[in-house]
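J.: One structure coming up, written as C-alpha coordinates, with questions to follow.
The values are calculated or read from the model by the stated rules, or taken from the named source; none is laboratory data. These numbers come from a predicted model, not from an experiment. Positions of Cβ are backbone-derived with ideal geometry, glycine not excepted, and every protein chain shown enters the neighbour counts. For the accessible areas, the whole protein counts, side chains as well, though only heavy atoms, and no ligand, DNA or RNA atoms are used. Shrake-Rupley method; radii C 1.70, N 1.55, O 1.52, S 1.80 Å.
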Amino acid sequence: DMKVTQMPRYLIKRMGENVLLECGQDMSHETMYWYRQDPGLGLQLIYISYDVDSNSEGDIPKGYRVSRKKREHFSLILDSAKTNQTSVYFCASSSGVEQYFGPGTRLTVL
Amino acid sequence: GMPVEQNPPALSLYEGADSGLRCNFSTTMKSVQWFQQNHRGRLITLFYLAQGTKENGRLKSTFNSKERYSTLHIKDAQLEDSGTYFCAAADTNAYKVIFGKGTHLHVLP
(Lines give C-alpha, C1' and ligand atoms only; values in the text may rest on other atoms or scores of the structure.)
Protein backbone atom coordinates (compact mmCIF):
# COMPACT_ATOMS: atom_id res chain seq x y z
CA ASP A 1 0.00 0.00 0.00
CA MET A 2 1.66 3.19 -1.24
CA LYS A 3 1.94 5.73 1.51
CA VAL A 4 3.25 9.16 2.39
CA THR A 5 3.36 9.94 6.10
CA GLN A 6 3.84 13.21 7.92
CA MET A 7 4.75 13.93 11.50
CA PRO A 8 3.54 15.65 13.52
CA ARG A 9 -0.01 16.19 12.31
CA TYR A 10 -0.54 19.23 14.51
CA LEU A 11 2.03 21.57 16.01
CA ILE A 12 1.91 24.81 17.97
CA LYS A 13 5.09 26.84 18.32
CA ARG A 14 6.03 30.29 19.53
CA MET A 15 7.58 32.88 17.26
CA GLY A 16 11.34 32.42 17.13
CA GLU A 17 11.28 28.71 17.94
CA ASN A 18 12.67 26.12 15.55
CA VAL A 19 10.32 23.78 13.76
CA LEU A 20 11.00 20.39 12.22
CA LEU A 21 8.41 18.73 9.99
CA GLU A 22 9.06 15.19 8.87
CA CYS A 23 7.87 13.32 5.81
CA GLY A 24 8.31 9.69 4.84
CA GLN A 25 7.39 7.59 1.82
CA ASP A 26 7.58 3.87 1.19
CA MET A 27 7.52 3.91 -2.60
CA SER A 28 11.24 4.55 -3.24
CA HIS A 29 10.29 7.68 -5.14
CA GLU A 30 13.21 9.86 -6.10
CA THR A 31 11.31 13.14 -6.05
CA MET A 32 9.74 14.67 -2.97
CA TYR A 33 8.07 18.01 -2.35
CA TRP A 34 7.04 20.38 0.40
CA TYR A 35 4.04 22.65 -0.12
CA ARG A 36 2.10 24.99 2.09
CA GLN A 37 -1.59 25.65 1.73
CA ASP A 38 -3.24 28.89 2.76
CA PRO A 39 -6.88 29.88 2.27
CA GLY A 40 -7.54 31.18 -1.23
CA LEU A 41 -4.03 30.45 -2.46
CA GLY A 42 -4.06 26.76 -3.23
CA LEU A 43 -0.82 24.87 -2.72
CA GLN A 44 2.46 26.70 -3.08
CA LEU A 45 5.71 24.85 -3.67
CA ILE A 46 8.38 25.51 -1.03
CA TYR A 47 11.09 23.03 -1.99
CA ILE A 48 11.57 20.09 -4.29
CA SER A 49 14.05 17.30 -3.80
CA TYR A 50 15.17 15.21 -6.78
CA ASP A 51 17.03 12.69 -4.64
CA VAL A 52 19.30 12.48 -1.60
CA ASP A 53 21.12 15.80 -1.09
CA SER A 54 19.70 17.13 -4.38
CA ASN A 55 17.29 19.87 -3.37
CA SER A 56 15.97 22.85 -5.25
CA GLU A 57 14.04 25.93 -4.24
CA GLY A 58 10.40 26.11 -5.18
CA ASP A 59 8.33 29.25 -5.47
CA ILE A 60 8.38 30.37 -1.83
CA PRO A 61 11.57 29.03 -0.19
CA LYS A 62 12.31 32.06 2.01
CA GLY A 63 12.31 31.18 5.70
CA TYR A 64 12.57 27.44 5.06
CA ARG A 65 15.26 24.88 4.51
CA VAL A 66 15.13 21.18 3.80
CA SER A 67 17.12 18.06 4.40
CA ARG A 68 17.12 14.81 2.44
CA LYS A 69 19.67 12.34 3.77
CA LYS A 70 17.73 9.20 2.88
CA ARG A 71 15.52 8.68 -0.14
CA GLU A 72 12.51 7.83 1.99
CA HIS A 73 12.70 10.87 4.27
CA PHE A 74 12.38 14.57 3.53
CA SER A 75 12.41 17.16 6.31
CA LEU A 76 11.27 20.77 6.32
CA ILE A 77 12.97 23.05 8.81
CA LEU A 78 11.94 26.49 9.98
CA ASP A 79 14.74 28.24 11.81
CA SER A 80 13.11 30.86 14.02
CA ALA A 81 9.48 30.47 13.02
CA LYS A 82 7.39 33.49 12.15
CA THR A 83 3.67 34.03 12.64
CA ASN A 84 3.16 34.24 8.87
CA GLN A 85 4.39 30.66 8.61
CA THR A 86 1.19 29.48 10.24
CA SER A 87 -0.24 27.20 7.58
CA VAL A 88 -0.98 23.65 6.58
CA TYR A 89 2.08 21.92 5.16
CA PHE A 90 1.85 19.06 2.72
CA CYS A 91 4.55 16.67 1.66
CA ALA A 92 4.33 14.72 -1.60
CA SER A 93 6.40 12.18 -3.48
CA SER A 94 6.51 11.24 -7.14
CA SER A 95 8.16 8.78 -9.49
CA GLY A 96 7.97 11.43 -12.20
CA VAL A 97 4.39 10.60 -13.02
CA GLU A 98 1.66 11.38 -10.52
CA GLN A 99 2.14 12.84 -7.06
CA TYR A 100 1.13 11.18 -3.82
CA PHE A 101 0.35 13.43 -0.88
CA GLY A 102 0.69 13.03 2.85
CA PRO A 103 -2.12 13.95 5.25
CA GLY A 104 -0.69 17.38 6.05
CA THR A 105 0.69 19.09 9.16
CA ARG A 106 -1.21 22.00 10.66
CA LEU A 107 1.37 24.41 12.09
CA THR A 108 0.39 27.35 14.25
CA VAL A 109 3.04 29.92 15.16
CA LEU A 110 1.97 32.17 18.02
CA GLY B 1 -1.42 35.61 -16.33
CA MET B 2 -1.40 32.78 -13.85
CA PRO B 3 0.16 29.58 -15.18
CA VAL B 4 -2.88 27.60 -14.05
CA GLU B 5 -6.29 29.27 -13.92
CA GLN B 6 -9.06 27.27 -12.38
CA ASN B 7 -12.76 28.03 -12.82
CA PRO B 8 -15.18 28.52 -11.28
CA PRO B 9 -13.77 29.47 -7.86
CA ALA B 10 -16.92 28.17 -6.22
CA LEU B 11 -19.88 26.10 -7.31
CA SER B 12 -23.13 24.94 -5.72
CA LEU B 13 -25.07 22.01 -7.15
CA TYR B 14 -28.14 20.08 -6.15
CA GLU B 15 -27.83 16.35 -5.69
CA GLY B 16 -28.21 14.57 -8.99
CA ALA B 17 -26.99 17.49 -11.11
CA ASP B 18 -24.07 17.38 -13.53
CA SER B 19 -21.35 19.98 -13.78
CA GLY B 20 -17.88 20.71 -15.05
CA LEU B 21 -14.75 22.31 -13.72
CA ARG B 22 -12.03 23.70 -15.93
CA CYS B 23 -8.37 24.59 -15.79
CA ASN B 24 -6.70 26.76 -18.41
CA PHE B 25 -2.95 26.85 -18.78
CA SER B 26 -0.86 29.80 -19.93
CA THR B 27 1.67 27.48 -21.51
CA THR B 28 1.93 23.94 -22.82
CA MET B 29 1.80 21.46 -19.97
CA LYS B 30 2.99 17.86 -20.10
CA SER B 31 0.45 16.40 -17.70
CA VAL B 32 -2.33 17.27 -15.31
CA GLN B 33 -3.56 15.80 -12.09
CA TRP B 34 -6.93 16.41 -10.42
CA PHE B 35 -7.39 16.18 -6.67
CA GLN B 36 -10.29 16.37 -4.29
CA GLN B 37 -9.58 17.82 -0.87
CA ASN B 38 -12.13 16.45 1.56
CA HIS B 39 -13.50 17.94 4.76
CA ARG B 40 -10.57 16.49 6.70
CA GLY B 41 -8.11 18.28 4.45
CA ARG B 42 -6.79 15.14 2.81
CA LEU B 43 -5.80 15.40 -0.87
CA ILE B 44 -7.22 12.52 -2.84
CA THR B 45 -5.96 11.86 -6.34
CA LEU B 46 -8.79 11.61 -8.84
CA PHE B 47 -6.97 11.50 -12.16
CA TYR B 48 -3.55 11.72 -13.71
CA LEU B 49 -3.52 12.47 -17.45
CA ALA B 50 -0.72 12.96 -19.93
CA GLN B 51 -3.30 13.22 -22.73
CA GLY B 52 -6.87 12.34 -23.66
CA THR B 53 -9.77 11.38 -21.44
CA LYS B 54 -10.22 9.15 -18.42
CA GLU B 55 -13.36 8.09 -16.62
CA ASN B 56 -13.90 6.72 -13.16
CA GLY B 57 -17.47 6.15 -12.08
CA ARG B 58 -19.29 9.46 -12.11
CA LEU B 59 -16.13 11.42 -12.84
CA LYS B 60 -14.57 12.12 -16.21
CA SER B 61 -11.51 14.19 -17.03
CA THR B 62 -10.02 15.45 -20.26
CA PHE B 63 -6.63 16.98 -20.92
CA ASN B 64 -5.84 18.80 -24.15
CA SER B 65 -2.22 19.87 -24.06
CA LYS B 66 -2.33 21.62 -27.43
CA GLU B 67 -5.38 23.70 -26.53
CA ARG B 68 -4.00 24.25 -23.02
CA TYR B 69 -6.90 23.13 -20.86
CA SER B 70 -8.23 20.32 -18.74
CA THR B 71 -11.74 19.60 -17.53
CA LEU B 72 -13.30 17.56 -14.76
CA HIS B 73 -16.94 16.53 -15.17
CA ILE B 74 -19.03 15.34 -12.27
CA LYS B 75 -22.17 13.42 -13.13
CA ASP B 76 -25.09 12.85 -10.75
CA ALA B 77 -23.50 14.87 -7.94
CA GLN B 78 -23.69 13.35 -4.45
CA LEU B 79 -23.33 15.01 -1.04
CA GLU B 80 -19.95 13.35 -0.53
CA ASP B 81 -18.64 15.11 -3.65
CA SER B 82 -18.54 18.34 -1.66
CA GLY B 83 -15.05 19.65 -1.13
CA THR B 84 -12.36 21.57 -2.94
CA TYR B 85 -11.10 20.36 -6.28
CA PHE B 86 -7.63 21.22 -7.51
CA CYS B 87 -5.96 20.77 -10.82
CA ALA B 88 -2.18 20.60 -10.86
CA ALA B 89 -0.15 20.70 -14.05
CA ALA B 90 3.44 19.77 -14.80
CA ASP B 91 5.28 21.88 -17.33
CA THR B 92 8.33 20.98 -19.41
CA ASN B 93 10.11 20.19 -16.16
CA ALA B 94 7.77 17.33 -15.41
CA TYR B 95 8.78 17.26 -11.79
CA LYS B 96 7.61 20.79 -11.03
CA VAL B 97 3.87 20.88 -10.55
CA ILE B 98 1.78 24.07 -10.49
CA PHE B 99 -1.53 24.10 -8.66
CA GLY B 100 -4.67 26.01 -9.51
CA LYS B 101 -6.39 27.88 -6.69
CA GLY B 102 -9.16 25.34 -6.48
CA THR B 103 -12.92 25.12 -6.95
CA HIS B 104 -15.02 24.92 -3.79
CA LEU B 105 -17.88 22.57 -4.59
CA HIS B 106 -20.96 22.44 -2.39
CA VAL B 107 -23.54 19.78 -3.17
CA LEU B 108 -26.94 20.63 -1.75
CA PRO B 109 -29.58 18.08 -0.74
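J.: How many lysine pairs in chain A, separated by 8 or more positions in sequence or lying on different chains, have Cα atoms less than 25 Å apart? Each step should come with its number before you reach the end.
T.: Numbers: A:3/A:69; A:3/A:70; A:13/A:62; A:13/A:82; A:62/A:70; A:62/A:82.
Going through chain A pair by pair, I get 6.
J.: Which whole-percent values make up P(r) of segment B:1-99 when all C-alpha to C-alpha distances are grouped in 5 Å steps starting at zero?
T.: Whole-percent P(r) values from 0 Å outward: 3, 14, 25, 26, 18, 10, 4, 1.
J.: Run the dipole for segment B:19-63 about the Cα centre, Lys and Arg Cβ at +1, Asp and Glu Cβ at -1, nothing else charged, and hand back the magnitude in debye, nearest 20.
T.: On the way: 7 positive and 1 negative charges, 23 e Å.
Charge dipole of segment B:19-63: 120 debye, to the nearest 20.
J.: Report the local net charge at residue B:92: Lys and Arg +1, Asp and Glu -1, summed over other residues whose C-beta lies under 15 Å from its C-beta.
T.: Working: positive: B:30, B:66, B:68, B:96; negative: B:91.
Combined, the nearby Lys, Arg, Asp and Glu give +3.
J.: Assigning unit charges at the beta carbon (Lys, Arg +1; Asp, Glu -1) and nothing else, what dipole magnitude in debye, to the nearest 20, does chain A show about its Cα centre? Before the final figure, lay out each step's value.
T.: Values: 13 positive and 13 negative charges, 93 e Å.
Here chain A has a charge dipole of around 440 debye.
J.: Additional query: Distances over 29 Å make up what percent of all Cα-Cα pairs in the protein assembly as shown? It would help to have the intermediate numbers written out before the result.
T.: Values: 6273 of 23871 pairs.
For the protein assembly as shown, the share of Cα pairs beyond 29 Å comes to 26 percent.
J.: Projecting each Cα onto the charge dipole of chain B (Lys/Arg +1, Asp/Glu -1 at the beta carbon, about the Cα centre), which of B:88, B:46, B:102 comes out farthest on the positive side?
T.: Value: B:88.
J.: What residue among A:103, A:92, A:52 has its Cα farthest toward the positive end of the dipole of chain A, where the charges are +1 on Lys, Arg and -1 on Asp, Glu, each on the Cβ?
T.: The residue sitting farthest along the positive end of the dipole is A:103.
J.: To continue, here is another question. Could you give me the ³J(HN,Hα) list for segment A:28-36, computed from phi with Karplus coefficients 6.51, -1.76, 1.60 and θ = phi - 60°, whole Hz, x at Gly and Pro?
T.: Each residue of segment A:28-36 in turn: 6, 5, 6, 9, 9, 9, 10, 10, 10 Hz.
J.: Solvent-accessible area of residue A:12, probe 1.4 Å, all protein chains present, reported in Å² to the nearest ten, please.
T.: Residue A:12 exposes around 120 Å² with every protein chain in place.
J.: On a full-extension model of 0.36 nm per residue, what is the gain between residue A:110 and residue A:72, subtracting their alpha-carbon distance, rounded to one decimal in nm? The partial results should precede the final answer.
T.: Details: separation 38, 0.36 × 38 = 13.68 nm, distance 3.10 nm.
That pair, residue A:110 and residue A:72, stretches by 10.6 nm at full extension.
J.: Same structure, new question: Please report the relative contact order for chain A, taking Cα pairs under 8 Å with a sequence separation of at least 6, and give it as a percent rounded to a whole number.
T.: 36 percent
J.: Cβ under 13 Å from residue B:14's Cβ, residue B:14 left aside: what net charge do those residues give with Lys, Arg +1 and Asp, Glu -1?
T.: Working: positive: none; negative: B:15, B:18, B:76, B:81.
That works out to -4.
J.: Work out the length of the dipole vector of segment B:27-90 about its Cα centre, built from +1 on the beta-carbon of each Lys and Arg and -1 on the beta-carbon of each Asp and Glu, and round it to the nearest 20 debye. All intermediate terms of the calculation are to be shown ahead of the outcome.
T.: Working: 9 positive and 5 negative charges, 39 e Å.
It works out to roughly 180 debye.
J.: Continuing with this model, one more query. In a Gaussian network model over chain B where Cα atoms closer than 10 Å are linked, find which of B:69, B:95, B:48 has the largest mean-square fluctuation.
T.: Greatest mean-square fluctuation among the candidates belongs to B:95.
J.: So what J values fall out for segment A:70-78 if you push phi through Karplus, 6.51 cos²θ - 1.76 cosθ + 1.60 with θ = phi - 60°, rounded to Hz, Gly and Pro as x?
T.: 10, 4, 7, 10, 9, 10, 10, 10, 10
J.: Also, I was wondering about something else. Which whole-number percentage describes the relative contact order of chain B, with Cα contacts under 8 Å and a sequence gap of 6 or more? Please report the intermediate quantities before stating the final value.
T.: Details: 279 pairs, mean separation 40.2, N = 109.
Normalised by residue count, the contact order of chain B is 37 percent.
J.: Out of every Cα-Cα pair in segment B:1-55, what percent are more than 13 Å apart?
T.: Values: 1082 of 1485 pairs.
For segment B:1-55, the share of Cα pairs beyond 13 Å comes to 73 percent.
J.: Okay, next question. Report the local net charge at residue A:51: Lys and Arg +1, Asp and Glu -1, summed over other residues whose C-beta lies under 14 Å from its C-beta. Present the calculation step by step, with values, prior to reporting the outcome.
T.: On the way: positive: A:68, A:69, A:70, A:71; negative: A:30, A:53, A:72.
Net charge in that neighbourhood comes out at +1.
J.: Right, something else. Any idea of residue B:106's accessible area? Nearest 10 Å², probe 1.4 Å.
T.: 100 Å²
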